[in-house]
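**Q** Next up is a structure, given as structure tokens.
The values are calculated or read from the model by the stated rules, or taken from the named source; none is laboratory data. Remember, it's a predicted structure, so these values are computed and weren't measured experimentally. Every residue, glycine among them, receives a Cβ derived from its backbone with ideal geometry; neighbour counts consider all protein chains shown.
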Amino acid sequence: MKTINRDSLIQTVRNMVIQAATILNPLVIQKLKDAEKQETSSLAKNVLKSICDNAAIAKNDNIPMCQDTGVAVFFLHIGNELFFPYSLYEAIQEGTRQGYLDGYLRKSVVAHPLERINTKDNTPAIIHTELAMGDTLDICFAAKGAGSENMSRLTMLTPADGEKGVKDFVLETIRLAGGKPCPPIIVGIGIGGNFEKCAYLAKTALMRPLDDEAANPIDRRLENELLEAINALGIGPMAFGGKTTCLQVKVNSYPCHIASLPVAVNIQCHAARETHVILKGEDL
Amino acid sequence: MRHLQTPIDEATRLALRVGEEVMLSGIIYTARDQAHKRLVESLNKQEPLPFQFAGQVVYYTGPTPAKLGHPIGSCGPTSSYRIDPYSIILMNAGLKIMIGKGNRSEEFRRSLIQTKSVYLVAVGGIGALLSKTVKTAKLIAYPDLQSEAVVELEVENFPVIVATDSVGNDLFDRSN
């Protein structure tokens, strides 16, 4: 049996939250720079350049790249050799609270969706857990803003709708979103499972490394074909028109019922704020 | 590149054309969903407003907290479509220039044309860069709304693009 010290876990989570808000993934920056070279309109070029300039300012000055520092979302893979003599959930919430307060991040969470009273520390975070083999705690954090999250959609297609139905729904979602989710975007797609599994697939697709490819050959082909189809829409950076609407498409699939074809599209803005840490268990 | 000083008179506003890039300097007022709700409630009750609308500019933003020595934190635009129902009422009450991001409803555009208003956009997700254009920030209403409170910002060369001009030409029509 191994464990992870509560205080160091809280400190890790706090730092992950602040780092995600202020330092943009270099892979995203590289894609934005490549896209700037591809664009021909000055408006599109200027938007892409501004985004890269903004990333540099945020990093140098240690201030959030975007004012919407999001809802905190965690994906934990918990090694089966780990034992926690405290509430893991409570520790993640405490790290979140400290990160949003100490990092001067915006508190964007209201306690009840209709009453809408701010919780003032951006808790509660949304925490997903999965079990894994081994003695490590794998923590993925995403600061998910509302601009892109609000444009995400899920539908229950029929098997007859097939691949065309999936593609049509994805493209319709991107068209409806227009400039609202701050393109260029990253698109996470879940296909299969059931209602809630499909949404989870789409979200976890966004958590994959930007430069990887889906393991399944059908999903991999869809990633490439949909990226091309989305960029052919001409929406462009901030919907000012252009070639760069989407930086990457990620597709995750899962087996489903003989009668079902669930599809979920989760949109991520260009400020793709994610951090990933693996903590190794220590002897109890 | 056109440079404009706020408040903006009618002739200048009507001369703005879709797609034009503009640098704004002077006072602008922050307000997003909840502040708009209260502005509309004040209008309905004929109560005094936190600022006079004539010639003024409203910016849809909810900044991050300011660090010591800075007037403001990250302060990029939020999506405008959520504010459409309130904007229609405020345009009729004399607020004619708004800054946000993204396309808006047909109802909004119709009211914009009727009131000869102008919708400007800032680039979304560049709040750190935009914070450098803010010289001072003064909270003037609804402090309980925290990041959604109304703040009077003094800006210098705040970059915007004309998204919908006063006759209804729309930047987003070209791409969507």
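**Q** Output the residues belonging to segment B:135-158 that are within 13 Å of chain A (Cβ to nearest Cβ), of a type outside the set (A, V, I, L, M) and closer than 14 Å to B:Thr61 by Cα.
**A** Scanning segment B:135-158 gives B:Gln146, B:Ser147, B:Glu148, B:Phe158.
**Q** For B:Val123, all conditions in the list (1) in contact (Cβ under 8 Å) with a residue 60 or more places away in the chain; (2) assigned to a loop (DSSP other than H, G, I, E, B); (3) among the hydrophobic types (A, V, I, L, M, F, W, C); (4) within 22 Å of A:Lys49 (Cβ to Cβ) hold save one; what is the number of the exception?
**A** (1)
**Q** Which condition does A:His257 not pass, out of (1) surrounded by 21 or more Cβ atoms within 10 Å (Cβ to Cβ); (2) under 18 Å from A:Gly192 (Cα atoms), if it passes all the others?
**A** Condition not satisfied by A:His257: (1).
This table checks each residue for (1) out of contact with any helix residue (DSSP H, G or I) (no Cβ under 8 Å at 6 or more places or on another chain); (2) surrounded by fewer than 24 Cβ atoms within 10 Å (Cβ to Cβ); (3) closer than 16 Å to B:Thr30 by Cα.
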| position | (1), (2), (3) |
| --- | --- |
| B:Phe53 | no, yes, yes |
| B:Ile72 | no, no, yes |
| B:Cys75 | no, no, yes |
| B:Lys138 | yes, yes, yes |
| B:Ala149 | no, yes, yes |
| B:Glu154 | yes, yes, yes |
| B:Val162 | no, yes, no |
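**Q** Conditions: (1) within 27 Å of A:Thr275 (Cα to Cα); (2) crowded, with 20+ Cβ neighbours inside 10 Å; (3) hydrophobic (A, V, I, L, M, F, W, C). A:Ala215 meets all but one. Number of the miss?
**A** The single condition A:Ala215 does not satisfy is (2).
**Q** Could you check segment A:195-284 for strands (runs of 3 or more DSSP E) lying wholly inside it with 1 or more residues that are within 20 Å of A:Lys144 (Cβ to Cβ) and either within 14 Å of chain B (Cβ to nearest Cβ) or touching a His at 6+ places or on another chain (Cβ under 6 Å) (or both)?
**A** Output list reads A:246-256, A:261-268.
**Q** Considering each of B:Ile97, B:Ile89 in turn, give the residue that is surrounded by 24 or more Cβ atoms within 10 Å (Cβ to Cβ), more than 15 Å from A:Lys180 (Cβ to Cβ), more than 9 Å from every other protein chain (Cβ to nearest Cβ) and not hydroxyl-bearing (Ser, Thr, Tyr).
**A** Exactly one residue qualifies, and that residue is B:Ile97.
**Q** Just checking, does segment B:64-71 include any residue being more than 9 Å from chain A (Cβ to nearest Cβ), farther than 17 Å from B:His36 by Cα and under 17 Å from the mean Cα position of the chain (by Cα)?
**A** no
**Q** Still on this structure, please answer the following. Taking segment A:164-193 as the region of interest, how many residues are part of a helix (DSSP H, G or I) and under 24 Å from B:Ser105 (Cα atoms)? Talk me through it step by step, then tell me what you get.
**A** First, pick out the residues of segment A:164-193 that are part of a helix (DSSP H, G or I): A:164-177.
From the residues that got through so far, the ones that are under 24 Å from B:Ser105 (Cα atoms) too are A:168-177.
Matching residues across segment A:164-193 total 10.
**Q** Okay, next question. State all residues of segment B:109-136 that are surrounded by fewer than 22 Cβ atoms within 10 Å (Cβ to Cβ) and farther than 27 Å from A:Asp61 by Cβ; if no residue qualifies, say none.
**A** Of everything in segment B:109-136, those that are surrounded by fewer than 22 Cβ atoms within 10 Å (Cβ to Cβ) and farther than 27 Å from A:Asp61 by Cβ turn out to be B:Arg109, B:Arg110, B:Ser111, B:Ile113, B:Gln114, B:Thr115, B:Lys116.
**Q** Okay, moving on. In segment B:160-176, what residues are facing chain A (nearest Cβ under 8 Å) and either small (Gly, Ala, Ser) or under 30 Å from A:Leu101 (Cα atoms) (or both)? Outline the logic, then answer.
**A** Of the residues in segment B:160-176, the ones facing chain A (nearest Cβ under 8 Å) are B:161, B:171-172, B:174-176.
Within segment B:160-176, just B:Ser175 meets the criteria.
**Q** Tell me whether segment A:6-23 contains one or more residues that are within 14 Å of chain B (Cβ to nearest Cβ) and assigned to a loop (DSSP other than H, G, I, E, B).
**A** Within segment A:6-23, one or more residues are within 14 Å of chain B (Cβ to nearest Cβ) and assigned to a loop (DSSP other than H, G, I, E, B).
**Q** Would a scan of segment A:123-146 turn up a residue that is over 30 Å from A:Ile4 (Cα atoms), within 13 Å of chain B (Cβ to nearest Cβ) and in contact (Cβ under 8 Å) with a residue 40 or more places away in the chain?
**A** The answer is yes, given that some residue of segment A:123-146 is over 30 Å from A:Ile4 (Cα atoms), within 13 Å of chain B (Cβ to nearest Cβ) and in contact (Cβ under 8 Å) with a residue 40 or more places away in the chain.
**Q** Consider A:Ile127 carefully, then state whether it is outside the structural domain of A:Arg208 (by TED's automatic domain parsing) and aliphatic (A, V, I, L, M).
**A** Yes.
**Q** Same structure again: So, in segment B:11-56, how many residues would count as being in a helix (DSSP H, G or I) and closer than 18 Å to B:Ile99 by Cβ?
**A** Number of matching residues: 9.
**Q** Only one of (1) under 30 Å from A:Gln93 (Cβ atoms); (2) surrounded by fewer than 17 Cβ atoms within 10 Å (Cβ to Cβ) is not met by A:Met151, so which one is it?
**A** Of everything listed in (1) under 30 Å from A:Gln93 (Cβ atoms); (2) surrounded by fewer than 17 Cβ atoms within 10 Å (Cβ to Cβ), A:Met151 misses just condition (2).
**Q** Follow-up question, since we're still on this one. Please go through (1) within 14 Å of chain A (Cβ to nearest Cβ); (2) modelled with pLDDT under 95; (3) over 21 Å from A:Lys107 (Cβ atoms) for B:Gly55 and return the number of the only condition it doesn't satisfy.
**A** (1)
**Q** Sticking with this structure for a sec: Which of the numbered conditions does B:Ala11 fail, given that it passes all the others? Conditions: (1) modelled with pLDDT of 95 or more; (2) under 17 Å from the mean Cα position of the chain (by Cα); (3) of a type in the set (Gly, Ala, Ser).
**A** Tallying (1) modelled with pLDDT of 95 or more; (2) under 17 Å from the mean Cα position of the chain (by Cα); (3) of a type in the set (Gly, Ala, Ser), B:Ala11 fails exactly one: (2).
**Q** Then there's this: So which of A:Asn252, A:Asn224 ends up being surrounded by fewer than 24 Cβ atoms within 10 Å (Cβ to Cβ) and polar (S, T, N, Q)?
**A** Numbers: A:Asn252 fails: surrounded by fewer than 24 Cβ atoms within 10 Å (Cβ to Cβ).
Checking each option against the conditions leaves just A:Asn224.
**Q** I'd like the full set of residues that are among the aromatic types (Phe, Trp, Tyr) and either free of Cβ contacts under 8 Å to residues at least 24 places away in the same chain or within 16 Å of A:Ile267 (Cβ to Cβ) (or both), limited to segment A:175-233.
**A** Scanning segment A:175-233 gives a single hit, A:Tyr200.
**Q** Would you mention how many residues in segment A:1-23 are within 20 Å of the chain's Cα centre (by Cα) and either exposed (fewer than 14 other Cβ atoms within 10 Å of the Cβ) or of a type in the set (Gly, Ala, Ser) (or both)?
**A** Residues flagged as within 20 Å of the chain's Cα centre (by Cα) and either exposed (fewer than 14 other Cβ atoms within 10 Å of the Cβ) or of a type in the set (Gly, Ala, Ser) (or both) within segment A:1-23 amount to 2.
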